[in-house]
Structure formats: structure tokens, C-alpha cells
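First up is the structure itself, then whatever we jot down about it.
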């Protein structure tokens, strides 16, 4: 570092760290990040309060790894790698965001010890890679698939949802929410389109009062003087300006020489809008939903025609509505015969808490549904939504790839055992790295125990012994009773895809950090 | 600082504000330059070879890049020193010409300069050293021609090509999957290669990536992937056997460049304008439909109304497609790029076998995959990876491998890697040096020593005892006169690079030697460095 600075190779303010120093810096950074989220892992994990730096200093309370890491500003480049994998885990499978960071952190912690014992990082990487391959094949072989039997599959899904939810705020009502999530997912009939599941948050009431609605609920108001209840609705979903119709031809402007003409133009403008509304009504509809605002004039006209008009459904809402109602999003109204209208059996205004919402039931797309979350405060609702989203994502992945493994550290213990066996057969220093890999795997159940205030060393040792004694033991961490327990009996299941992704991205991230022997930080860009 | 005085004793101003500039002259200048170049080379040294380490680079904005690609490292280091910048240029030009060996060339140049320094200490003139290097370089490249072997492959037998790519990839992050990745690269290159003309247009291979999934999911799309989605959410997501129209005009009312105004002063005019606007849209869409197009790809945006009309006419469309993609699409589908609706006719349409919109994971990201085009001359490698850094690094690695395959298509002469070629050249130069008298003799010897810096670094990075391994290989090369022996980086137990399938193209190697020698010469010729002082 000193050398390059003296000779002025790099810009002023830039820094370079080499060899051991660089490695130390990245280990320290990565392990620090892992330790940061470590305490949120498992059913008894703790939450974090995040206060934003922006105005208002909003507060978020969460134990979702990805959310925490997304919100913190890290300067250490290695730490950024971990933040990144957690984000990707969230995007790909939606859950296991904490596990993947903790796992990568443990791998690096073990690697640091090995490096101090003078094992070359490349040797460690070679060992990790082989261990990862071995662990992956074990994971594949121990997974099971119940897709052929709907009843069993549903039970699996329920168990997975419960396991995912048990580490979140919803843990008290996990039975209730697991049912909600599974019902919602099964309605999708395997097409995995989470868009069709709409989550609405309304403060008030208790979490217990959250419910799944088979129709679609839109958080909007019906125009004044229009029918509040429509049966056998024919709905036109549109994206068109209903305030003033701008002239789109470039350079057009109005130039008049008398007040009378202004009035004429204004009348023409109004006439234009009237005609538009007339055309819309000519579609034979009794409900009109627009993405943009609807001004008073057209609103009144719709009211006169007995058409329900709903304005300002935002972009997401309109797409979802079109999907759910089976109509198309319309922007021109010249050929009413060919436009596909949306249909539903009943539209009515309902009350949730204090608010009025519009409820569409008997929609064309049977897959759609809405989950209404109730809770005491916005923080609780936000966290509940995040938790439910995690659960839905995991379930979706499970529906796509029905393989399932037990939870509670069971797969980790199994993989660790296999990796250790592999290590005992492997000559050379690689074996050390494999043993380290096995230890890192076992650190996951140990962390779950630690967070629950249990004696992790004792329980993990018991688990190891149980698995050693019996080849297909089903023992895992039973956090509630604080001992090793049968996972099948406890119903702790996890999605295979999530575990696999944790294993692979964790190893990949550790590898990429290990390979670094030089950190060059450019001079920060000067601001303003 | 040198000052000149006129006959009245007033100082001439030779350099403007010379008191504020720092200046280094003569041998000091050369040494300072060498020092700087060495520092840059030393940074890269540990990234050489299959066991080379990565560098983590943090950009001024805080983004992190992790790579062991020499050119990328140097580019992102933001080197400030002038000589350092020369090294960056050196690596870049190797990257542009050959695409591989960007680290090697810098390490070699660094070693050459390091040895030049000790020659300078002996009192040799920098230019004489440079001349000696030139002579040695000539000998070395001739030697490369002697030891090169032809490398046979054909469209059917791609195995040799795959093996070469595997060598390149083994040092990168994708090392675990080098076999499938190498196959992807080779297939991509062969798909676009013109074997008769021995040319490959790399513009036709696009490397597109999306974060997420596994590296294993990386695949070759025999067509084009664009990071866009259909303009209307309800357009069909999966099209088969479609006629494609490619437009570079927006679905919007015309915007003439000349400044103009349309004045409305009567109700009739207002009505007329409205009518014109409406027909304009229907007309545009109708023209597309009439031409027989089943998919419209447009470089510009759509108005809401046009968008709906397209959808209504059952005409899927994609908007805001970039210029490069438009060209690629035109090439692949055989469509003509149409700049005006009036010119759209049936014979200007292209064809695509399948157009699909792909979604990823739990996010709403979508991409379009266009396959089955009549002109298979454009392919896309679609990369997946655990995180953004891995993804970028995979892309860079694949680029290197593609370049290697392309070089082999261009010229199938190869030399063996693992330092084998360098050692053989070092021996040849040494031998030639013995026949030369004068100062150049020493310079050539220094060149030979510098060449050995590459295998030395290779052995060091692989955790082998560097000097022992190098001398052992050197001895065996001399005794067996076998130029295929190199450093056994992967610990496979053999030093014969033919068995390990480690080789590089002759053009690449020659380029390395030429470029490194040239830069050395350039640096040695500098005897005066003038720069403004740091504080102003």
C-alpha cells in the first residue's frame, strides 16, 4: 500500500491493500455482516429496528435478512458481496435470505482459520468445491416428493409454510396464515403467477382477523351517485385520459380572437369528452375502470347511465384487474364489437375496518384471490406482508419443484456427515477444507439453538450422534422443547429449492471472496 | 531546473511557469518510469495462471468488481501515473487485438523493465538495451514459429477447440464448469464463423446476463435475447413462426423537426384535428397489419392509444429496443429496418421461429427470447450467476474464451502454455545471445531472464517452489529438446503440456512479446518527465 502511494500510481485518496491485509479486510467485513443478521435466524430469531436516514426517519422492524441487508450501508467490498447474494436469494426463491449469509460467513470464518494454518486459499476453494458437490448430491438424495398424492402434498405445503412463518412475526397465528398461503397458492393451480395474489394491508383488528378472499378486492372508491352493487357486471378496463383529452399532434395550439370562440372551443372539447363517454357506454358495460383520473363531467355522465366508474386504479392494479377479469386494457373506443370485456358475477362495496373497498366476486380467472391483512400497526402489517410474501414465494417454488426436505437443521447435519466421510477418504490438504465445510454446515443448526437460548453444543452433538447411529434418522433441532426431535413428527419441512440455493450461493460467495488477494479502492467521486 | 540567460542576464522562459512544474531528467527519469511500471506489473503478477488470485476493486461510486482479468483490473484501478497509464494501454491493446493474455503481457513488460534497471546500473545506455531487446524479441518470435504446431479441427470435430477454451476458463471463476462453458463458447463461435474466409465477427455473439439461478443454467440461445417485454401486458407471450417488422419510427403523431405551429381558431378546425389524430393512429397500425407482420419491433415508444390498437389488432409489439439489438435482429430474421410506415411492405419483413417472453424468479423481470431465425448468424449466450459480481466475471471469462476460439479459427497455429513457450524462447534467446558481441549481448540475456518471469509467477501462484520447478523444467527442455514442457500448475503429475491440453495461439503469444518489447522501448526512451506539481 505504502509503495504504490508513494510513487503516485493511483489517484489521490485511493488505497490498495494486498495479500494478507486484503484477505483480513474481506474476512472481517464478511463475517461482520454475517454476525449482524445471525441473531435473526431460526424460529426464535430476534428482530432488528431499521431507521431510515431520509426525512421522517421511518422505522422498519423486521427479521427478514434481505430487508435488513438492503437497508444498511456497507463500505466493505466483501460485505457487499454478501449483501448481494442475500438480495439474489430473495429474488430467486424468496426465503433463506438469512441462512445464505450466515452460511457464507461461517465458511469464511473457517477459511480464515485455515489460512492462518498456512493453507493456500486455492486449496481451500478446491476443497470447498468438492464438498459442495458432495453436499448437493446428498441433498438431492434425501429429498422426497409427494406431488402425486394431493392430500400429502397439501400437508407438505402446509408444513413448509408453517416452518417459514414460524421464524417471523406471524408465528403466533402460523396455522392460520399457513392455511391462507397454501389456499392461495393452490388456487393458482401450479402456474406460479404470484401476480394473481393480491395483498391488501389495513390497520385495525388483529392479525387473526386477516382473511383470504376468493374474489378480487380493489382499494378504490366508487364515483358519487353511481350504483354500489352490480350483478353480472360487464367491465371495461381502460387506460385513457378522462380529464381533458390532450391533442397529441405536435405544435397544436389554440389561438382565438374573441371570447365567443373560446366558448365554442370549450364546448367542442366538452363534446369530445361526451362522445368518448358515450362510446364507452356503447360497449354495453355497467362498470368502467380507468387507470387515470376521471373528472367530474364524465363521472356524472357515467352516473346518469347507471355505470359504475372507478378512477385511478394504478398501473399494477389495472394489469392485475385485466388479468383477473379476463378483459383487455383498452385505450381506444371505436370498435366496441371486438373489444374483450371483463366479467364478474358481483361487484359490491365492502367495509374493512373504517375503509370502503370494492369487491369483485365470481371473477373469470378462478385463480385470483386477495389476502387482506389486518393488524394493530403499519409496522406489524409491513412485516406481516414480508413474511407472507416469503411464504408464498417458497410455496410457489415448491409447487414448481415439489421436492421437500426436513427442516430444523436436518439437511445440514446430513450433508455435514457425508462431507466429513468424503474428507476422511481424501488425501492432501483439501481434506482440511472439507472438514471446515462440514463444520460450517453444522453452524446453521447451532445458530438456531443459540438464538433460542439453548445449549447449541449439546444439541448439535446429540444430533450428530443420532445421525451417526442411524443412517436415516429424522432428528433435527426442536426449538420448542430445546432438544433433538423427530422432524417428521414435528412437521418441520422445508423446500428443497431453498436449501439448494443456500448451499450453492453461499459456497459461491465464499469462494469469490477467498480468491481475492488485493483490494483496490478508487478515490471516492467528488460530490457537488 | 535548467535556466538560460540572454546577453543582459535575464532568464529566458523556456517552459511556462517552470518553477511550478516538477521535472525529472536523465537516468533518474528512466528509473522513475521503471519503478512505476513495475508497481503496476506487481499488482497483476498474482493473478496470472490457473491458480491466480482475484482482485477486488471498488469504483468511485462504491460498486464492487471482482476479477482476475488483467485488462479489467487495470482499467478499473484508475491509474494516475503516466507510465502506469502506458501499462494500462498495453493491456488494453492486447485485449482488443487478441482478447486473452492481458495479464501475461503486463507481467512480461514489468519483468523486462526490471531487468533493464539492473543493466542501467551497469552503465548501459537505455537505447542500447532497447535495441538488444528488439533483437531478442525477433529471435523469440522466430523460435515461436519453429515450435508451433498446427491445430486441426472442423465443424464436426470441435473437441480440440473445446479443450483450448477450457484452458482459458480454468483460471477463472467458472473453472468448476469449464467443460460446458467451453462448449457453449465454441458452438457460439462456430455458429457465426466464416470458415472459408477464416473470420469471425464477434458482434454477432452477444453475451447477455441475468442475476440469479445457477451457473449451470447458462445456455446458448440460437437467436437473440433482448432485455425487453411486450408493450402491452396482455399480448401473447409465446409466438411461433411469426413475420417480424422492424421499425425505427415511433407510434406517435409526427414531430417535424422544423418549428411549426398548428393554430386552431374555429371549432371545425378543432374537430378536423381530432379526426386527423385518430386516423393517424389507425393508419399506422393498419399499415403494419396490412404488410402481414405478426410481430412489430420498434426502436421508439408507443402512445397509449397506439399500444391498444396494436393489441386490438392482435399484433404483438416490443418498444424501446436498442439500436444494436435492432441491427442484430434485422440480421438474424432477415428483415429490413424500416424507417417510415409508408415504406413497410411484405417483402421487408423478417421471420422468426419462436418468440417467447421469459420471467425470472420472484421478481417481475422479463426478457424476450427470439429463436429459430433463418439466418443463424447471430447467437446469444445467456448467462446466469449467483450474484452480480459473479455474473460480470462469468461474462468476462466467456469473452476471453470466445476470443481464443476466434483466434484459432483465424489462425490455427498454436504453442503450448504453462510457460512452455516462454521457457523455450528463453533458451533460444540465450543461445542467440552467446553469438552476439557487444552491449546487446547483455540485453538479450536480460530478455531471456525476463521471459522466465512468466513461468516463475505461474509456479509461485500455484503454490509450487518457483525456482526449483522452473530450473527442473528448463533442464528437461534442454536435455530432451522438447519445447512442450511447462509448469504443472494443476498438479496433474505431468509437465508435458500436450497431455494437459494447455495451449495458446501463436498470434496471441507473438503479440504479447511484440507489445511488451515495444512498451519497454518506449519507456526506456523517456529521459525527461515534466509535469505540473501537485499543489496549485
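The values are calculated or read from the model by the stated rules, or taken from the named source; none is laboratory data. Not measured: the values here are computed from a predicted model. Here Cβ is always computed from backbone atoms with ideal geometry, including for glycine, and neighbour counts include all displayed protein chains.
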Criterion (more than 10 Å from every other protein chain (Cβ to nearest Cβ) and buried (at least 22 other Cβ atoms within 10 Å of the Cβ)) met by exactly one of B:70, B:52: B:70
Verdict on residue A:444 being in contact (Cβ under 8 Å) with a residue 12 or more places away in the chain and either within 14 Å of chain B (Cβ to nearest Cβ) or over 30 Å from the mean Cα position of the chain (by Cα) (or both): no
Complete set of residues in segment A:61-78 that are surrounded by 24 or more Cβ atoms within 10 Å (Cβ to Cβ) and either facing another protein chain (nearest Cβ under 9 Å) or within 14 Å of residue A:504 (Cα to Cα) (or both): A:77, A:78
Selection count where residues are under 17 Å from the mean Cα position of the chain (by Cα), more than 22 Å from residue B:390 (Cβ to Cβ) and without any contact (Cβ under 8 Å) to a residue 40 or more places away in the chain, scope segment A:47-67: 0
Unmet requirement for residue B:357, which otherwise passes all of (1) loosely packed, with under 14 Cβ neighbours inside 10 Å; (2) at pLDDT 80 or above; (3) part of a strand (DSSP E or B): (1)
The one condition in (1) without any contact (Cβ under 8 Å) to a residue 24 or more places away in the chain; (2) within 14 Å of chain B (Cβ to nearest Cβ) that residue A:304 fails to fulfil: (2)
Single residue of A:152, A:165 found to be more than 14 Å from every other protein chain (Cβ to nearest Cβ), at pLDDT 80 or above, in a helix (DSSP H, G or I) and out of contact with any helix residue (DSSP H, G or I) (no Cβ under 9 Å at 6 or more places or on another chain): A:152
Residue A:334 being in contact with a strand residue (DSSP E or B) (Cβ under 8 Å, 6 or more places away or on another chain), modelled with pLDDT under 80 and over 16 Å from residue A:196 (Cβ atoms): no
Selection within segment B:468-506 - part of a helix (DSSP H, G or I) and in contact with a strand residue (DSSP E or B) (Cβ under 7 Å, 6 or more places away or on another chain): B:473, B:476, B:477, B:497, B:498, B:506
Residue ID - farthest from the other protein chains (Cβ to nearest Cβ), chosen from residues in segment B:299-311 that are farther than 17 Å from residue A:319 by Cβ and part of a helix (DSSP H, G or I): B:306
Every residue from segment A:481-514 that is in contact (Cβ under 8 Å) with a residue 60 or more places away in the chain, surrounded by fewer than 24 Cβ atoms within 10 Å (Cβ to Cβ) and in a loop (DSSP other than H, G, I, E, B): A:491
Given (1) under 30 Å from residue A:88 (Cβ atoms); (2) at pLDDT 75 or above; (3) assigned to a helix (DSSP H, G or I), number of the condition residue A:370 does not satisfy: (3)
Qualifying residues in segment A:376-415 (those that are buried (at least 24 other Cβ atoms within 10 Å of the Cβ) and assigned to a loop (DSSP other than H, G, I, E, B)) - the one nearest to the other protein chains (Cβ to nearest Cβ): A:407
Checklist (1) touching a strand residue (DSSP E or B) at 6+ places or on another chain (Cβ under 8 Å); (2) in a helix (DSSP H, G or I) applied to residue A:33, failing item: (1)
Test set (1) surrounded by fewer than 24 Cβ atoms within 10 Å (Cβ to Cβ); (2) within 14 Å of chain B (Cβ to nearest Cβ); (3) modelled with pLDDT of 85 or more - residue A:124 fails condition number: (1)
Enumerated strands (runs of 3 or more DSSP E) restricted to segment B:192-274, each holding at least 1 residues that are more than 14 Å from chain A (Cβ to nearest Cβ): B:205-211, B:219-221, B:223-226, B:238-247
Residue within segment B:276-294 that is free of Cβ contacts under 8 Å to residues at least 12 places away in the same chain, surrounded by 12 or more Cβ atoms within 10 Å (Cβ to Cβ) and part of a strand (DSSP E or B) present: no
Among the residues listed as A:92, A:106, the single one being modelled with pLDDT of 85 or more, crowded, with 24+ Cβ neighbours inside 10 Å and under 28 Å from residue A:61 (Cα atoms): A:106
Among residues of segment B:314-351, those that are surrounded by fewer than 18 Cβ atoms within 10 Å (Cβ to Cβ) and in a loop (DSSP other than H, G, I, E, B), counted: 8
Failed item, numbered, when residue B:531 is tested on (1) in a helix (DSSP H, G or I); (2) within 14 Å of chain A (Cβ to nearest Cβ): (1)
Test: residue in segment B:147-157 that is farther than 18 Å from residue B:424 by Cβ, outside any helix (DSSP H, G or I) and touching a strand residue (DSSP E or B) at 6+ places or on another chain (Cβ under 9 Å): yes
